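Undergrad: One structure, as structure tokens, below. Some questions next.
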Amino acid sequence: MNILLTAITATSFFALLTFAPPAFAQDVGNEAHPFTWVNDWVQMDDKKTNGELGPTHGGVVVDAKGLVYCAMDSEHSILVLSGDGHFLRKFDKKYRGCHGLCINKEGDEEFIYAAHIAGKAIVKFKLDGTVVWEIKGLPEEAGVPANAYRPTGVCVAANGDVYVVDGYGSNHVFVWDKDQKFVKKFGEKGSGDGQFKTCHGIALDTRGETPLLLIADRENRRLQHWTLDGEFVSIAATDLRRPCALSIRGDFVAVAELQARVTILNKDNKHVAYPGDNPNKAQWANNGAAPKDWKAGHFTAPHGLSYDHEGNLIVMDWNRHGRITKLIKK
């Protein structure tokens, strides 16, 4: 009898070893927005993973086929990954240092728009990295010195108008039409309604009856709504931890916050979940946070993010070693 119990116990023990969840799996979020955190999701052809990618400091978008595009500050430029994180290709290294990205379907084809800080330009790419056009600098009628322009984010309206936030520069929003003709600028630096302190990210918000611009006003720690004509509408959300980038899926907005958190907002822009919230304030917005100090389930400095078509989240930390994480929707 004792021998039988011992055998059963041993069998159960080894079954637990066999079927226990892998060490990289960590539940984050809450009951309404549950995710499983995946470490070392990125697999390069030279076996490099997180902590060896080179500096991550840009945006993330996902195309209709589920391919993931990550703007890097390294020779990888815009890194293209499969949905399971395997390296596929990269864009021309001259476009290293692209910042915010957006993806836009035009007819039957998708295009990536990138705010290229180093080039002081907005670049439209085909998905294979071919450049369609570039808008370099600002025209004289913009009324902003050329050396003050450092664009950080971009989005595209249904009519093809291109909206650019100059978050590291003048704190204006600049608008070009579909033919790359300059239209206008709006906004200004400050902390009042319709003013920005680092208008860092921008997205087209189609959750309501009328499309609006949703802008991450990072150092004022809030989001703002504007009309497509450049009229201030409202402070959409507050109490954020330096919001950088936005991704909208259905009624929800995921916000990458530089101070070590992702926040999910509902259709009323109320906070409903905080996947990856990090209690270690020493790591908040810490570009130098070392891989040995990272913990599964805790971000350090989310800077770019995107939902994919299954509701998973791809999140890029601002980190000199390189960190890209996938949160799988449960």
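The values are calculated or read from the model by the stated rules, or taken from the named source; none is laboratory data. Just so it is clear, the structure is predicted and the values come from calculations on it, not from any experiment. Ideal geometry is used to build each Cβ from the backbone, glycine not excepted, and the neighbour counts take in all protein chains shown.
Undergrad: Go through segment 176-203 residue by residue and tally those that are within 19 Å of P145 (Cβ to Cβ) and part of a strand (DSSP E or B).
TA: 9
Undergrad: Looking at segment 75-117 only, could you name the residues that are small (G, A, S) and touching a strand residue (DSSP E or B) at 6+ places or on another chain (Cβ under 8 Å)? Step through it out loud before you land on a result.
TA: Let us first name the residues in segment 75-117 that are small (G, A, S), namely 77, 82-83, 85, 97, 100, 107, 114-115.
Within segment 75-117, S77, S82, G83, G85, G97, G100, A114, A115 qualify.
Undergrad: Looking at segment 263-317 only, could you name the residues that are over 20 Å from G51 (Cβ atoms), buried (at least 19 other Cβ atoms within 10 Å of the Cβ) and β-branched (V, I, T)?
TA: Of everything in segment 263-317, those that are over 20 Å from G51 (Cβ atoms), buried (at least 19 other Cβ atoms within 10 Å of the Cβ) and β-branched (V, I, T) turn out to be T263, I264.
Undergrad: Given the conditions (1) at pLDDT below 95; (2) farther than 20 Å from L327 by Cβ; (3) among the hydrophobic types (A, V, I, L, M, F, W, C), which single one is not true for I78?
TA: (1)
Undergrad: Does any residue in segment 140-167 that is without any contact (Cβ under 8 Å) to a residue 60 or more places away in the chain and surrounded by fewer than 17 Cβ atoms within 10 Å (Cβ to Cβ) come within less than 6 Å, Cβ to Cβ, of a residue that is hydrophobic (A, V, I, L, M, F, W, C) and not in a strand (DSSP E or B) six or more places away or on a different chain, and which pairs are these?
TA: Correct list of pairs: R150/I117.
Undergrad: Follow-up. Within segment 232-278, can you find the residues that are within 21 Å of P151 (Cα to Cα) and either free of Cβ contacts under 8 Å to residues at least 24 places away in the same chain or among the small types (G, A, S) (or both)?
TA: Of everything in segment 232-278, those that are within 21 Å of P151 (Cα to Cα) and either free of Cβ contacts under 8 Å to residues at least 24 places away in the same chain or among the small types (G, A, S) (or both) turn out to be A245, S247, A256.
Undergrad: In this structure, is D27 within 26 Å of I264 (Cα to Cα), assigned to a strand (DSSP E or B), of a type in the set (D, E) and modelled with pLDDT under 95? So that I can check it myself, show each step before the final result.
TA: Working: within 26 Å of I264 (Cα to Cα): yes; assigned to a strand (DSSP E or B): yes; of a type in the set (D, E): yes; modelled with pLDDT under 95: yes.
Here the answer is yes, as D27 does meet what is asked.
Undergrad: Also, quick follow-up: Can you tell me how many residues in segment 224-249 are on the phi < 0 side of the Ramachandran plot, assigned to a loop (DSSP other than H, G, I, E, B) and not hydroxyl-bearing (S, T, Y)?
TA: Of the residues in that region, 5 qualify.
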